[in-house]
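Below: one structure, written as structure tokens.
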Amino acid sequence: MLTLVIQAGGQSSRMGQDKALMDFLGRPLIERVLERVSSIADEVVIVTNRPEGYRYLNIPLFPDVIPERGALGGLYTALKVATHPEVALVACDMPFASVEILSAAREILKQENCDAVIPKTEHGFEPLHAVYRRDTCLSAVKAAVDADKWRMISWHQDAEVCYLPPEKMARLDFRDYTFMNLNTPEEFKKAEKLAQQQ
């Protein structure tokens, strides 16, 4: 059983407004993200500190358990509020999020008995498009937060973290822009053009 957590707790400071609720090809961006990845889940929740704009989705909403702790605090909240043993975490501003990649990560989680499976590209890790084993990761992430660590990889030494490499993703629904996240109006426009070409 798997919980999908959409992480919408960021400040959207460079966008000037809540980017998950901005219009993307005629509808709020978060609706596109949900449509692309929710089929993997037995439960879907959204982590947000601004719940008012998301109530219309009729999806459970949770604020950060520990406020102002950045992405690592958001991961802790996601693991804390999930009710299923496996957790897929996806950022709200990833219009090309891939259910195939999440499914592949989940298979590796089971087959190799990992605690987390995180895609890795030439640009680095993608922890906001990854799958986690709730119980083991929760304690490791909490320990990192308690130790005043901020980096998303600061807890990896305390868990069995596996990586989904580019060569495995190449056989799936993977493009150079799969993990693209939108932080500026210019990036928003670029993503809309890419989406129209699909």
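Within region 42-70, which residues are under 27 Å from S154 (Cα atoms) and in contact with a strand residue (DSSP E or B) (Cβ under 8 Å, 6 or more places away or on another chain)?
V44, V45, I46, V47, T48, L61, F62, P63, D64 - these are the residues of region 42-70 that are under 27 Å from S154 (Cα atoms) and in contact with a strand residue (DSSP E or B) (Cβ under 8 Å, 6 or more places away or on another chain).
Which members of region 35-56 meet the condition of being over 27 Å from V145 (Cβ atoms) and either of a type in the set (F, W, Y) or out of contact with any Pro (no Cβ under 9 Å at 6 or more places or on another chain) (or both)?
E35, S38, S39, R55, Y56, listed by residue number.
Okay, residues lined up against (1) closer than 16 Å to L75 by Cα; (2) touching a Phe, Trp or Tyr at 6+ places or on another chain (Cβ under 6 Å); (3) in contact (Cβ under 8 Å) with a residue 24 or more places away in the chain; (4) assigned to a strand (DSSP E or B):
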| site | (1), (2), (3), (4) |
| --- | --- |
| E100 | no, no, yes, no |
| A105 | no, no, yes, no |
| C114 | no, no, yes, no |
| V117 | yes, no, yes, yes |
| Y132 | yes, no, yes, yes |
| D135 | yes, no, yes, no |
| V145 | yes, yes, yes, no |
| D148 | yes, no, no, no |
| I153 | yes, no, yes, no |
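Any residue in region 42-62 that's in a strand (DSSP E or B): show its pairings with residues that are aromatic (F, W, Y) at Cβ separation under 7 Å, as long as the two are six or more apart or on different chains.
So the pair list comes out as V45/F62; I46/Y54; V47/F62; L61/Y54.
Could you tell me which numbered condition K110 fails, if it satisfies all but one of (1) in a strand (DSSP E or B); (2) out of contact with any strand residue (DSSP E or B) (no Cβ under 6 Å at 6 or more places or on another chain)?
Every listed condition holds for K110 apart from (1).
Testing V44 on (1) modelled with pLDDT under 95; (2) touching a Leu at 6+ places or on another chain (Cβ under 6 Å), one condition comes back false. Which one is that?
Condition (1) is where V44 drops out.
The values are calculated or read from the model by the stated rules, or taken from the named source; none is laboratory data. Everything quoted here is computed from the prediction, not taken from an experiment. Cβ sites come from the backbone with ideal geometry, for glycine too, and all protein chains shown count toward neighbours.
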